[in-house]
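Worksheet: the structure to be examined is printed underneath.
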Amino acid sequence: MKKQNMNRDWIATARTLSEALPYLQRYTGATVVIKFGGHAMGDAEQMASFARDIVLMNQVGVHPVVVHGGGPMINDLLKKLEIKSEFVKGKRVTDEATMEVVEMVLSGLVNKRIVQAINNQGGRAVGISGKDANMMVCDPVDPALGLVGQPVEVSPELIHQMHAHKIIPVVAPLGAGRDGETFNVNGDTAAGAIAAALKADRLLLLTDVEGVKDSSGAVVTQLSPDQVRELTDSGVIAGGMIPKTETALEAIAGGVRAVVILDGRAPNACLLELFTDHGAGSLIRV
Ligand code: X2W
């Protein structure tokens, strides 16, 4: 007689797939923008795991858009080249020499690494920056910051065309100036502006913290824009979390349905958020 070899793991896997059905149905055709920050990237294994999540999302009918950062990788090359760099209110002061390095690292090294990781998992990713097809036009933020740009016109057309051709766009946060300049855009800002232009269903901000924490240090799983403002005014939301929650509020005001701030280093963070009851991180929505 044939022995049944049904160990618990296989049953659990089948149950997990079955439980995911309503979520798979909910997100079919949805546009999900994923901001993959430099601090969330980790080692090659974590990169492969992220890429696998993106390919799976795409396989089940989601239209993913990856917008990446790469601050730590820019710092490494600037250091090797002995170019000093400083941040003012979370933004890198960017002169022309720094801009060259920023573009080399973001559009070259980091962008291609992510593209290759996705393609290695069987996806079809193409790397672009906000300069391609003039997708993200920027104005300078502040003369003191040099070539740091604020997106003022974002055209979703190129991304729509890529999705129509079953291509996963991977976007480096650089913008085109009106006078031929190249602008350095904070990765969160770029992701928020692109998500708003696409009227995305979700913006996932992958970072290296678990989410927005309350005064007791516990992660708040769901909060409204008003609650974000209250926690900011009372100083509970502080430091590096402020640019993330500001991006979230702007994206929601711009037409994004919900924003999630979550730890990108956690295994399968994107899948946990989109396709399970559990969710991950802090969901911000009206
Ligand atoms: C950032 C762009 C990269 C980025 C920079 O130069 O570091 C500005 O600060 P993370 O990994 O998401 O921090 N741009 C203007 O945002 O990377």
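When the residues of region 47-73 are filtered to those that are within 14 Å of the ligand (Cβ to nearest atom) and surrounded by fewer than 22 Cβ atoms within 10 Å (Cβ to Cβ), the one that is farthest from Val259 (Cα to Cα) is Met73. Determine if region 34-44 includes at least one residue that is within 16 Å of the ligand (Cβ to nearest atom), closer than 26 Å to Gly149 by Cβ and either of a type in the set (Phe, Trp, Tyr) or without any contact (Cβ under 8 Å) to a residue 60 or more places away in the chain (or both). So far as region 34-44 goes, yes, one or more of its residues are within 16 Å of the ligand (Cβ to nearest atom), closer than 26 Å to Gly149 by Cβ and either of a type in the set (Phe, Trp, Tyr) or without any contact (Cβ under 8 Å) to a residue 60 or more places away in the chain (or both). Quick one: would you say Arg113 is in contact (Cβ under 8 Å) with a residue 24 or more places away in the chain, away from the ligand (no atom under 12 Å from the Cβ), of a type in the set (Lys, Arg) and closer than 22 Å to Ile194 by Cα? Yes, satisfied. Given Gly211, Gly192, which one is in contact (Cβ under 8 Å) with a residue 24 or more places away in the chain, part of a helix (DSSP H, G or I) and over 21 Å from Gly61 (Cα atoms)? Of Gly211, Gly192, the one residue that is in contact (Cβ under 8 Å) with a residue 24 or more places away in the chain, part of a helix (DSSP H, G or I) and over 21 Å from Gly61 (Cα atoms) is Gly192. One residue stands out among those in region 169-189 that are part of a loop (DSSP other than H, G, I, E, B) and more than 9 Å from the ligand (Cβ to nearest atom): the one that is farthest from the chain's Cα centre (by Cα), which is Asp179. Considering region 237-251, the residues that are within 15 Å of the chain's Cα centre (by Cα) and β-branched (Val, Ile, Thr) include one that is farthest from Ala30 (Cα to Cα), namely Thr245. Only one of the numbered conditions (1) part of a helix (DSSP H, G or I); (2) more than 26 Å from Ile194 (Cβ to Cβ) is not met by Thr98, and that is (2). Applying the condition of being among the aliphatic types (A, V, I, L, M) and either buried (at least 19 other Cβ atoms within 10 Å of the Cβ) or free of Cβ contacts under 8 Å to residues at least 12 places away in the same chain (or both) to region 74-100 and asking which residue is nearest to Asp43 (Cα to Cα) yields Ile74.
Exactly one residue among Ser155, Ser129 is of a type in the set (Ser, Thr, Tyr) and closer than 30 Å to Ala48 by Cβ, and that residue is Ser129.
Residue count for region 237-253 satisfying the condition of being touching a Gly at 6+ places or on another chain (Cβ under 8 Å) and not in a helix (DSSP H, G or I): 1.
Of the candidates Ser107, Ser155, Ser129, the single residue that is hydroxyl-bearing (Ser, Thr, Tyr), surrounded by fewer than 16 Cβ atoms within 10 Å (Cβ to Cβ) and either within 12 Å of the ligand (Cβ to nearest atom) or closer than 16 Å to Arg178 by Cβ (or both) is Ser155.
When Gln25, Gln4 are checked against the criterion of being more than 16 Å from the ligand (Cβ to nearest atom) and at pLDDT 90 or above, Gln25 stands alone in meeting it. Look at (1) surrounded by fewer than 17 Cβ atoms within 10 Å (Cβ to Cβ); (2) touching a residue at least 12 places away in the same chain (Cβ under 8 Å) and you find that His278 fails only one, number (2).
Do we find a residue being hydrophobic (A, V, I, L, M, F, W, C) and in a helix (DSSP H, G or I) anywhere in region 254-268? Scanning region 254-268 turns up no residue that is hydrophobic (A, V, I, L, M, F, W, C) and in a helix (DSSP H, G or I).
Taken together, Ala12, Ala40 contain a single residue that is under 18 Å from Leu206 (Cβ atoms) and not hydroxyl-bearing (Ser, Thr, Tyr), which is Ala40.
The values are calculated or read from the model by the stated rules, or taken from the named source; none is laboratory data. Computed from a predicted model, the values in this text were never measured in an experiment. With ideal geometry, Cβ positions are generated from the backbone for all residues, glycine too; neighbour counts draw on all protein chains shown.
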